[in-house]
Amino acid sequence: MSSFREKWAEWGVTLPSLAWLALFFVVPTVIVFGIAFHAPSADGGYSSGFTMETWHAVVRTPYKEIVWRTIWISAATTFLCIVLSLPCAYAIARMKAKWRAIVAGLIMLPFWTSFIVRVFAWRTLLNPDGFLQHLLVSLGLCTPETMLNYNSGAILVVSVYSFLPFAIMPIYTAAEKFDFSLLEAARDLGARSFFAFRKIFLPGVRRGVVSAALMVFIPAIGSYVIPDLVGGRDSELIGNKIYQRTFPDRNLPHASALAAVMGFSVLVPLACVAWWFKRQDAREAKRLAEATARKLSGGAA
Amino acid sequence: MDLASEFLVFDHVTKRFGALTAVDDVSFSIKKGEFFSLLGPSGCGKTTLLRMLGGFERPDSGRIWLDGKDITDAPPNIRRVHTVFQNYALFPTMTIWDNIAFSLRLAKKPKAEIEESVDAMLEMIRMGDHAWKYPSQLSGGQKQRVAIARALVDRPQVLLLDEPLAALDLKLRQHMLLELDTIHDQVGITFMYVTHDQGEAMSLSDRIAVMNSGRVEQLDTPAKIYEAPVSSFVAAFIGDTNFFEGTIVATDGDYCTIQVPGFAAICAYNDKKLDVGQKVHLSVRPEKIRVTLTPPPPEKGARINVFQSQVTDVIYQGVYTKYWLKSGDRSVSALKPHSRFLLDQETITWNDNAYCWWHPDDGYMVENFSALDESLVQTTPSAAPKGAVS
């Protein structure tokens, strides 16, 4: 009886959020995916009737380079964000409580300004006549002819800048819970500082790192504004292509097909992470079960 | 002090944190293989001293020598000094086996040697069945033992223990005390033990340094510290005591008579050879004071201090009864051990007129007295402020 009631209570709690997700996430995704099986219409919409023509067109179009670029820029952004966030989160977590709040606030501060304005600021900064170019030229690090703007490198730099707070915050949250006396213990037992950081701190905040990776990778792969503003002709990402197919080309089915491809490329790493977490939990459960079994058999003997 | 020939030496070590002087010009040395305790209330500097030895704090001045080498500026990872942390600090992502093997793997010891050493340690702490478990699956006492094993496995020169039993319950603490003693005997490594618990320090240590406000007040064997405290702080912090403040009015050979205002004249052993007119503070431990309904039989040649008093409070503890007696203006605490079957005996209870008495040799004159330390002495329950929990 009680399990029946519990089940209903569980459903009662879960249902609203489930319905929300279904209505605003699953249904639109299915619709977008479905559009890819229709032919485009002249008014920028799509006509009725099933066709595989769009998919054939998508496969025929040489997207290989663009997909590859999207993936490597997203992966590089994720990697750089995490590498930069780790020492940063570590440092914040070691600060006094008062300073922690201030610095965490400063990291979130850029969000008070429009994202597009901030990316535009980078465009100015990376301009051939901009401050950065002058500085690098005066330092002898590049020539006045070097192009800082409108290439993959610019996209990478601005992406790292934009998504860095999304990486710092989850790692910092994990680091805040980390027991720093473990690092002292490692040092005490003969570990160098960096070894202790790598072997004790990093595993200690690994869940924060995984969250950070997702928080950066997912928006990075769908990035559209950044490549549009600081990218060049030969550094388009899949997000730009989807825009181009939707509006200038007025080919909604083609855009939908691309969006589906992009969606899968996000879901695959997501599924991997979910599987990894699940496996960890399962291992933990198995260990506990083994422990209990041993205890019981030990007690019996 | 010959710095190079002693095993472990603190030489005029001072450490400040801002305006606070945590460790104030501390000098002492420890013998090899000794079980040495730093005992004191929280904030007395004992943990700072330990952390300086571990390499986690650097002294502002002074040097630390270990086995003839100056280790003051050496980082923690190259000192052969390991710490058992108060919260154990076991690595949560590693199994017990990996935790213990940590230092040996860092030292790149051969695999066979690591296995042998770790298994031997697991056997010593009787945790062989738990080797594959993770720290979160262990009880407090088990974690404690693993932390000790992890710190001992590569045979450090000194093992530092930072309040290792503070997080355990009473029974487990008593058990771990015995275990620590056994482990110390087995491994023969120098132990430096930090605690605020006088019971732990007294039962384990070869010698104790009693610390107060950044200084070592007294460094001696447990018995010497208990019986002959140099200061009112040591007398009151370790065990309980009665302080009598007075002036010497007469001397007679090894003994003297102290006039205590509001109380009486007390005869005491004059080990400091003080003269008439000098102010003294006499410490008399409660268990040295006898409480009887009849006066003690006169002994030939003995100068026993006998005072008539009234029982104001009685706390029965099974092993003994603690009495608070009023004599003159003074409240005196006394412990009466029960070595015989109590129910057959005539017991002394509240409001009885009783005699309290002690032998002049059982009082001890403390050299340094601070009125602050009187607050450490247990006061009578009825004198405690209202609402206070005793």
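Each reported figure results from applying straightforward, stated rules to the coordinates on display, with no laboratory input. For clarity, every value in this text was computed on a predicted model and none was experimentally measured. Please note: Cβ atoms are built from the backbone with ideal geometry, for glycine as well, and neighbour counts cover all protein chains shown.
Dipole orientation for chain A: of the candidates A:PHE247, A:GLY49, A:LEU18, A:LEU18 has the Cα lying most toward the positive pole (charges on Cβ; Lys, Arg +1; Asp, Glu -1).
Tell me, what is the FRET efficiency for A:ALA274 and B:SER213 to the nearest 0.05, using R0 = 51 angstrom and their Cβ-Cβ distance as r? Step by step, r from the Cβ atoms, then E = 0.35.
Segment B:63-84 and segment A:61-97 have Cα centres separated by 41 Å.
With the helix formula -39500 (n - 2.57) applied to DSSP H stretches of n ≥ 4, chain B reaches a computed 222 nm mean residue ellipticity of -6500 deg cm²/dmol. Farthest towards the positive end of the charge dipole of the protein assembly as shown, among the residues A:SER181, A:ALA196, A:CYS88, is the Cα of A:CYS88, using unit charges on the Cβ of Lys, Arg, Asp and Glu.
Give me the net charge of A:LEU237's neighbourhood, meaning all other residues with Cβ under 12 Å from the Cβ of A:LEU237; Lys, Arg count +1, Asp, Glu -1. It would help to have the intermediate numbers written out before the result.
On the way: positive: A:ARG69, A:LYS241; negative: A:GLU65, A:ASP228, A:ASP234, A:GLU236.
Local net charge: -2.
3J(HN,Hα) along segment B:319-332, derived from phi through the Karplus expression 6.51 cos²θ - 1.76 cosθ + 1.60 where θ = phi - 60°, amounts to 5, 8, 10, 9, 10, 10, 10, 9, 9, x, 8, 9, 9, 10 Hz, with x in place of Gly and Pro.
Build a GNM of chain B with springs between Cα atoms under 10 Å apart, and of B:ALA151, B:ALA354, B:ALA201 the one that fluctuates most is B:ALA354.
For A:ASN251, the residues whose modelled amide H falls within less than 5 Å of its own, excluding neighbours fewer than 5 places apart on the same chain, are A:THR246. For chain B, modelled as a GNM with alpha-carbon contacts under 10 angstrom, which of B:SER375, B:SER231, B:SER327 fluctuates the most? Most flexible of the set in this elastic network: B:SER375. Taking a Cβ cut-off of under 15 Å around B:ASN270, the surrounding Lys, Arg, Asp and Glu residues balance to a net charge of -3, with basic ones at +1 and acidic ones at -1.
Within 10 Å of each Cβ in B:100-106, how many Cβ atoms from other chains are there, averaged over the peptide?
4
For an R0 of 25 angstrom, estimate the FRET efficiency from the Cβ-Cβ distance between B:THR349 and B:ASP329 and round to the nearest 0.05. Walk me through the numbers on the way to the answer.
Details: r = 23 Å, r/R0 = 0.92.
That pair, B:THR349 with B:ASP329, gives E of 0.65.
Stokes-Einstein diffusion of the protein assembly as shown at 4 °C, 1.567 mPa s viscosity, Kirkwood radius from Cα pairs, rounded to a whole number: 40 µm²/s. Here A:LEU141 and B:THR14 are evaluated by their C-beta separation; at R0 = 41 Å the FRET efficiency comes out at 0.25. Annotation: amide H of B:ARG207 within the under-5 Å range of B:PHE35, B:SER37, sequence separation 5 or more or interchain, hydrogens built in the peptide plane.
Given Cβ point charges of +1 (Lys, Arg) and -1 (Asp, Glu) and nothing else, what value in debye, to the nearest 20, does the dipole of segment A:64-277 about its Cα centre take? Please report the intermediate quantities before stating the final value.
Working: 19 positive and 11 negative charges, 119 e Å.
Computed charge dipole of segment A:64-277: roughly 580 debye.
For A:LYS241, the lysines whose Cα comes closer than 24 Å to its Cα, not counting residues fewer than 8 places off in the same chain, are A:LYS64.
Projecting the Cα atoms of A:ILE171, A:THR124, A:THR146 onto the dipole axis of segment A:64-277, where Lys and Arg carry +1 and Asp and Glu carry -1 at the beta carbon, places A:ILE171 farthest toward the positive end. Take every pair of alpha-carbon atoms less than 8 Å apart whose residues are at least six positions apart; their mean separation over the length of chain A yields a relative contact order of 27 percent.
Rounded to the nearest 500, the helix-only mean residue ellipticity at 222 nm of chain A stands at -24000 deg cm²/dmol, with each DSSP H run of n ≥ 4 adding -39,500 (n - 2.57). For the protein assembly as shown, the dipole from Cβ point charges (+1 on Lys and Arg, -1 on Asp and Glu) about the Cα centre works out to 2380 debye, to the nearest 20.
Each residue of segment B:353-361 was assigned a 3J(HN,Hα) from its phi angle through the Karplus expression (A = 6.51, B = -1.76, C = 1.60, θ = phi - 60°), giving 8, 9, 9, 10, 8, 8, 7, x, 5 Hz with x at Gly and Pro.
Estimated at 0.36 nm per residue, the fully extended path between A:HIS134 and A:LEU106 surpasses their Cα-Cα distance by 7.3 nm. Each residue of segment B:236-241 was assigned a 3J(HN,Hα) from its phi angle through the Karplus expression (A = 6.51, B = -1.76, C = 1.60, θ = phi - 60°), giving 8, 6, 9, x, 10, 7 Hz with x at Gly and Pro. For chain B, the longest principal axis of the C-alpha atoms and the axis of helix B:170-187 are separated by about 60°. Note on segment B:225-261 and segment A:154-231: Cα centroid distance 64 Å, given to the nearest whole angstrom.
Distant-in-sequence amide contacts of B:GLY246, defined by a placed amide H-H separation under 5 Å and a gap of 5 or more residues or a different chain, comprise B:VAL280, B:LEU282. Annotation: for a label point projected 7 angstrom from Cα along Cα→Cβ of B:GLN308, residues of segment B:344-379 with backbone N closer than 13 Å are B:353-356. Taking the longest Cα principal axis of chain B as reference, the axis of helix B:140-152 is set at about 60 degrees.
With charges set only on the Cβ (+1 for Lys and Arg, -1 for Asp and Glu), what does the dipole of segment B:205-341 come to about its Cα centre, in debye to the nearest 20?
Working: 16 positive and 14 negative charges, 57 e Å.
My answer is approximately 280 debye.
Here the contact order of segment B:1-86, divided by its residue count and restricted to Cα pairs under 8 Å and six or more residues apart, works out to 34 percent. Under the rule a/c < 1.5 gives rounded, and otherwise a/b versus b/c splits prolate from oblate, where does segment A:64-277 land using the Cα gyration tensor? Verdict is oblate for segment A:64-277. The alpha-carbon of B:LYS288 sits under 24 angstrom from the alpha-carbons of these lysines, leaving out residues fewer than 8 places away in its chain: B:LYS224, B:LYS272, B:LYS273, B:LYS279, B:LYS300, B:LYS322, B:LYS326, B:LYS336.
In the protein assembly as shown, what percentage of the DSSP-assigned beta bridges are antiparallel, given to the nearest 5?
75
Note down the relative contact order for chain B as a percent, whole number, built from C-alpha pairs under 8 angstrom at least six residues apart. Don't skip to the answer; put the middle values down first.
Numbers: 772 pairs, mean separation 58.0, N = 390.
Across chain B, relative contact order equals 15 percent.
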